[in-house]
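Peer 1: Attaching a single structure in structure tokens format; questions to follow.
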Amino acid sequence: MESKNQMDRRSFVKKASVTAISFAVGASLWGCSKKEKKESPKAQEASASQPTGHREAMVSQADAMAMVTKFEAAGVMDMGHPGKWKGKEGSHIPRVTLHKGEGAITLFTKHPMSKKHWITAHYLKDQNGNLIGFQLYEGTDPEARHRFEIPKGTTRITAYSHCNKHGDWKAEDTKLG
Ligand SMILES: [Fe+2]
């Protein structure tokens, strides 16, 4: 028999491990050149932190890619191809806001957030299909909104949003520059 303390600790560890994979991958940490990697730790910290209202931590690129593969294996819907979820386009396709001159964009999906039904992730691909940003959310987050730094040399992005009930959705490509 486990003591109550042991059970509490296991419960805490389990919760903490879920929390650890639940946050941001700073796009700037993925697509940056060697020169940019030499930024001071303070500068890197500043570029990775975003005023989005949800907690953030790093998810490895491998973990993010594995999650994207899983999301997309179930099918990707868009405005012209909503499949069985016709009528859900407006609350699932991410909206893209460009921050001109800042090398950044914000993704927002106007979808209710609750512990049973929420937007689990936003992610971004570049013109070559490379994953350049990934952000997980929890049902307790107030909204699914995140600012992504865009790697230099990116000319076009495709934004995706994943709902735990209604699957994976993509927006029309956005040209940059
Ligand atoms: Fe949904």
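Peer 1: Name the residues in segment 72-89 that are within 13 Å of the ligand (Cβ to nearest atom) and either surrounded by 13 or more Cβ atoms within 10 Å (Cβ to Cβ) or closer than 19 Å to Ile157 by Cα (or both), would you?
Peer 2: Met77, Pro82, Trp85, Lys88, Glu89
Peer 1: Here is a list of conditions, (1) modelled with pLDDT under 95; (2) within 22 Å of Asp173 (Cβ to Cβ), and Gly75 meets all of them except one; can you say which number that is?
Peer 2: (1)
Peer 1: Restricting attention to segment 160-177, report how many residues are within 16 Å of the ligand (Cβ to nearest atom) and either under 15 Å from the mean Cα position of the chain (by Cα) or without any contact (Cβ under 8 Å) to a residue 60 or more places away in the chain (or both).
Peer 2: So the count comes out to 11.
Peer 1: Something else: Scan segment 132-177 for residues that are under 17 Å from Thr97 (Cβ atoms), surrounded by 15 or more Cβ atoms within 10 Å (Cβ to Cβ) and among the charged types (D, E, K, R) and report the count.
Peer 2: 5
Peer 1: If you go through segment 90-131 one residue at a time, how many are within 14 Å of Lys170 (Cβ to Cβ) and either surrounded by 16 or more Cβ atoms within 10 Å (Cβ to Cβ) or in contact with an Asp or Glu (Cβ under 7 Å, 6 or more places away or on another chain) (or both)?
Peer 2: Residues flagged as within 14 Å of Lys170 (Cβ to Cβ) and either surrounded by 16 or more Cβ atoms within 10 Å (Cβ to Cβ) or in contact with an Asp or Glu (Cβ under 7 Å, 6 or more places away or on another chain) (or both) within segment 90-131 amount to 14.
Peer 1: Search segment 97-150 for residues being among the hydrophobic types (A, V, I, L, M, F, W, C) and within 13 Å of the ligand (Cβ to nearest atom), and hand back the single one that is farthest from Lys70 (Cα to Cα).
Peer 2: Met113
Peer 1: Another question, if that's okay. Among the residues of segment 82-99, write down those that are among the polar types (S, T, N, Q) and either closer than 17 Å to His117 by Cβ or in contact (Cβ under 8 Å) with a residue 60 or more places away in the chain (or both).
Peer 2: Ser91, the sole residue that qualifies.
The values are calculated or read from the model by the stated rules, or taken from the named source; none is laboratory data. Quick caveat, the model's predicted, so the values are computed rather than measured. Neighbour counts run over all protein chains shown; Cβ positions are idealised from the backbone, glycine included.
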